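Below is one structure; the comments refer to it alone.
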Amino acid sequence: MDKAAGSTSSPAASAQISHAGAGAGGAGEWEAPDLPRRAVLLTLGGVMLAMFLASLDQTIVATALPRIVADLGGFSRFTWITTAYIVASTSVVPLAGSIADVYGRKWLYVAGITVFLIGSVLSALSQSMDQLIAARAVQGLGGGTMMALSFVTIGDLFPPSERGKYQGIIAGMFGISSVLGPTIGGLVTDNLSWHWIFYINLPLGIPVLLLFIRLFPEARPAKRRRIDWIGAALMVLSVVPALLAVSVGGTGNNWTEWRVITGFTISATALPVFVWWGLHVPDPILPFVIFKNRVVAVSMAAIFLTGFAMFGAITFIPLLFQGVLGDSATKSGSFLTPMMLGIVAGAAISGQVLSRTGGHYRIQGVVGLAIMSAGVGLLSAISADTSRSLALSGAITMGVGLGTTFPLFTIAVQNAVEYRFLGVATSSTQFFRSIGGSVGLAIFGAFLASRFSSYVESSTSAEVRDALDPATLEELSSSPNALVAPDSLQRVNAAFADLGERGGQLSADFLETMRVSLANAIGDIFTIALGLILMALVLTLFLKEIPLKRRGNTESKPQEPGAPAGK
């Protein structure tokens, strides 16, 4: 697999990237990796298990987030538990792709799984929000490596014309974990504790680690190239400080804090240096030449916008079911299952259709984003009186549309670039999705906290205000923890306990105010997400369709000089 990645023997592979995908193939033909069928199947199986592990962790954590925050405190940092993971995984994705192209996939995959498991243990042992956020960052370094290499490996093993089918298989593994994850997460959280949702990765991850060490093929590229370590450092300095600044500024809604200013300053200084460096070194970690291709440029923009909307929206669905609709963590997990099945069905069907119809990814992208818009539109209309069936319908519809878009943009990018750019182009799709998700979580988290407090402040009755001192009222209205955690609920009831029977009624009135405020704030988030998805839909209309390439050297007949690349 890696041998092929480093090969530049054919004229097609050594040609420069075509501008806007000239020719039938849009770039050099695909070169089949020199692996026996058994090695291909074992590699595919290992990738499937690694994807299962990474996706299971995410779906389990999503269900437990409200309880984690209620236990450790810090509702204003609700999204940091996920943001830390995404920022770390975002930082490592381009570097993982570059290292894999030089040294091979196997031992980097093993290292990624090991770091992921270490991060899982540290997360489970966390006793404070700061510890958990740091541990999730460690976990993200491993998870980002696993995810980046999974998509690159699929690109190594199969040509663009076949990748849709195998991404459907990967979606099936994601689907199994997505179905099991929310339910397991809810059951574990309700009956044990949230700490065990991280411990569960050990019995699942250790066998995967041993499988990779024993069976994963240890192939290396025939042609070595240097790793752009300086470019990698400049990329991290261009991205991570800005992401952290957005998270810090959004958390306290204080954009003039020194940490925020420092973060933006570092990124603003590093970014032009990173661009200059990438344009003047022979093997940059992110070759900007690929963005001259319109397919790549449009796809990356659409991926960024859908990542922004996707991570932000999905993170708050469990909070909707638990905080607004009053469900337990277990029950909210069971409500998430149909949405995850929708994602799986959309991805599997989309991948099959893409492979069987020759690659009409623009049409499928428009259809998928339109479906996703309809689902998010339903969720944007939620209120405190919203029924579970309406919320569930919106979540499922959003899931089907989201799943439909999953294979499209990655395959479009892989198909549009030469094979020698496959690793970096594929990892870049994950990079832009993660950047969008990080920004979305930070902004949506800050927006949720701000809108919730604003709604509570404007809706609290005069009688409740008279019953509580201003400091207590401000503390209780700063987060909706009382809607999802028994301990926080007791604190609200205790604040009105001195008023006797009337205090019980006032406590119930205040809790209802909090529930209505939370519903309105979450609805506002989905409204913003809807606008972003519609922007992605418009961009997709400009996506140039290039017929999916088939096998090159191994199956295609020699072409006449000057003839366009074959499919």
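General observations
- With respect to the conditions (1) touching a helix residue (DSSP H, G or I) at 6+ places or on another chain (Cβ under 7 Å); (2) at pLDDT below 75; (3) surrounded by fewer than 22 Cβ atoms within 10 Å (Cβ to Cβ); (4) among the charged types (D, E, K, R), Arg515 falls short on a single one, namely (2).
- Filter result for Leu548 (modelled with pLDDT under 85 and within 28 Å of the chain's Cα centre (by Cα)): yes
This table checks each residue for (1) buried (at least 22 other Cβ atoms within 10 Å of the Cβ); (2) at pLDDT below 75.
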| position | (1), (2) |
| --- | --- |
| Leu49 | no, no |
| Phe78 | yes, yes |
| Ala84 | yes, no |
| Gly104 | no, yes |
| Ala135 | yes, no |
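- The range 345-382, residues that are farther than 21 Å from Ala529 by Cα and either of a type in the set (Gly, Ala, Ser) or surrounded by 22 or more Cβ atoms within 10 Å (Cβ to Cβ) (or both): Ala345, Ala348, Ser350, Gly351, Leu354, Ser355, Gly358, Gly359, Tyr361
- Every test in (1) of a type outside the set (Ser, Thr, Tyr); (2) at pLDDT 85 or above; (3) in contact with a Ser or Thr (Cβ under 8 Å, 6 or more places away or on another chain) is passed by Ile363 save one, and that test is (3).
- Any chance Thr460 is surrounded by 24 or more Cβ atoms within 10 Å (Cβ to Cβ) and at pLDDT 80 or above: no
- If the condition is being hydrophobic (A, V, I, L, M, F, W, C), within 15 Å of Arg515 (Cβ to Cβ) and assigned to a helix (DSSP H, G or I), then the range 445-489 contributes Leu448, Phe452, Val456, Val464, Leu476, Ala482, Leu483, Leu489.
The values are calculated or read from the model by the stated rules, or taken from the named source; none is laboratory data. Here the structure is a predicted model, which is why all the values come from computation and not from measurement. Backbone-built Cβ (ideal geometry, glycine too); neighbour counts: all protein chains shown.
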